[in-house]
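A.B. asks: Structure in structure tokens, see below.
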Amino acid sequence: MTEIFTYVFDIDGVLLDVSQRIVLAEELSHGNTSLFWYYFFSEELLQFDRPRRVGIDILLDRINKGIIIIVTGRPSRLRRITVSQLQSIGIPISSIKEIHMRTDNDLRKSYLFKLETIENILLKGYTILEVHDDDEEFLKRVRRLTNSKLYLHSNNHIIELSSRYKTLW
């Protein structure tokens, strides 16, 4: 069987800067965690997302090197607007092999959904070369599943998680 070299990307915090959406969701929720997530995942606030050039540039570079799979904690009810957002920031949707979103009623922590999705991707026979995410906890847990290079996207930096942290971009 031929290896299928794969690059996995998150959306929020990797391809899109969601800092304005976070601030607005915090203001609207008044400290209520359930309300925060309601607002954070509302279509109305997605308009405040901005392209995160560094993440986009890396994804566009990897398109020519293998398969791109997107794994996001966004609920599936946002699929249409998410695809539209990705297209608007220059991501060629036809070059994305799969986009995994959690079901609307999946209220688990995002990293649990993402870990399960990574396990399923590996079971399909994909060889994951890189995982790009803004959640360090998720990336540390992915390390137990695969020898992939793990990249933490934080502000305008990308840090490779290894025995020693080093900046990629």
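The values are calculated or read from the model by the stated rules, or taken from the named source; none is laboratory data. Note that the structure is a prediction, hence the values are computed from the model and not measured. Note that we place each Cβ from the backbone using ideal geometry, even for glycine, and neighbour counts take in every protein chain shown.
A.B. asks: Could you list, in sequence order, all residues of the range 10-41 that are of a type in the set (G, A, S), surrounded by 19 or more Cβ atoms within 10 Å (Cβ to Cβ) and under 24 Å from Y151 (Cα atoms)?
C.D. replies: Restricting attention to the range 10-41, the residues satisfying the condition of being of a type in the set (G, A, S) are 13, 19, 25, 29, 31, 34.
Next, only the ones that are surrounded by 19 or more Cβ atoms within 10 Å (Cβ to Cβ) stay: 13, 25.
Once the filter is applied, which keeps residues that are of a type in the set (G, A, S), surrounded by 19 or more Cβ atoms within 10 Å (Cβ to Cβ) and under 24 Å from Y151 (Cα atoms), the range 10-41 yields only G13.
A.B. asks: Here's another thing I want to ask about it. Output the number of the condition that R108 fails; it satisfies all remaining conditions of (1) in a loop (DSSP other than H, G, I, E, B); (2) more than 20 Å from E136 (Cβ to Cβ).
C.D. replies: (2) is the only condition that R108 fails.
A.B. asks: Taking the stated definitions as given, is F48 of a type in the set (F, W, Y) and either at pLDDT below 95 or under 20 Å from L152 (Cβ atoms) (or both)? Steps first, answer last, please.
C.D. replies: Working: of a type in the set (F, W, Y): yes; either at pLDDT below 95 or under 20 Å from L152 (Cβ atoms) (or both): no.
In short, no.
A.B. asks: If L59 meets every condition in (1) within 20 Å of I158 (Cα to Cα); (2) in contact with a helix residue (DSSP H, G or I) (Cβ under 6 Å, 6 or more places away or on another chain) apart from one, which number is that one?
C.D. replies: (2)
A.B. asks: Within the range 27-45, track down each residue that is among the hydrophobic types (A, V, I, L, M, F, W, C), closer than 17 Å to D12 by Cβ and in a helix (DSSP H, G or I). Walk me through how you get there before you give the answer.
C.D. replies: In the first step, residues of the range 27-45 are kept if they are among the hydrophobic types (A, V, I, L, M, F, W, C); the result is 28, 35-37, 40-41, 45.
Cutting the leftovers down to closer than 17 Å to D12 by Cβ gives us 36-37, 40-41, 45.
Across the range 27-45, the qualifying residues are F36, W37, F40, L45.
A.B. asks: Take the residues in the range 46-87 that are closer than 16 Å to V14 by Cβ and polar (S, T, N, Q); name whichever of them is surrounded by the fewest Cβ atoms within 10 Å (Cβ to Cβ).
C.D. replies: Among those that are closer than 16 Å to V14 by Cβ and polar (S, T, N, Q), it is Q85.
A.B. asks: Here is a further query. Of the conditions (1) touching a Leu at 6+ places or on another chain (Cβ under 9 Å); (2) acidic (D, E); (3) surrounded by fewer than 18 Cβ atoms within 10 Å (Cβ to Cβ); (4) not in a helix (DSSP H, G or I), E98 clears all except one; give me its number.
C.D. replies: With respect to (1) touching a Leu at 6+ places or on another chain (Cβ under 9 Å); (2) acidic (D, E); (3) surrounded by fewer than 18 Cβ atoms within 10 Å (Cβ to Cβ); (4) not in a helix (DSSP H, G or I), E98 is out only on (1).
A.B. asks: Restricting to the range 111-131, name every residue that is buried (at least 18 other Cβ atoms within 10 Å of the Cβ) and part of a strand (DSSP E or B).
C.D. replies: The answer is Y126, I128, L129, E130, V131.
A.B. asks: Tally up the residues in the range 72-104 that are without any contact (Cβ under 8 Å) to a residue 12 or more places away in the chain and among the β-branched types (V, I, T), please.
C.D. replies: Counting residues in the range 72-104 that are without any contact (Cβ under 8 Å) to a residue 12 or more places away in the chain and among the β-branched types (V, I, T) gives 1.
A.B. asks: In a helix (DSSP H, G or I), among the basic types (K, R) and farther than 29 Å from G125 by Cβ: does that describe R62? Show your work before the answer.
C.D. replies: Numbers: in a helix (DSSP H, G or I): yes; among the basic types (K, R): yes; farther than 29 Å from G125 by Cβ: no.
No: the conditions fail for R62.
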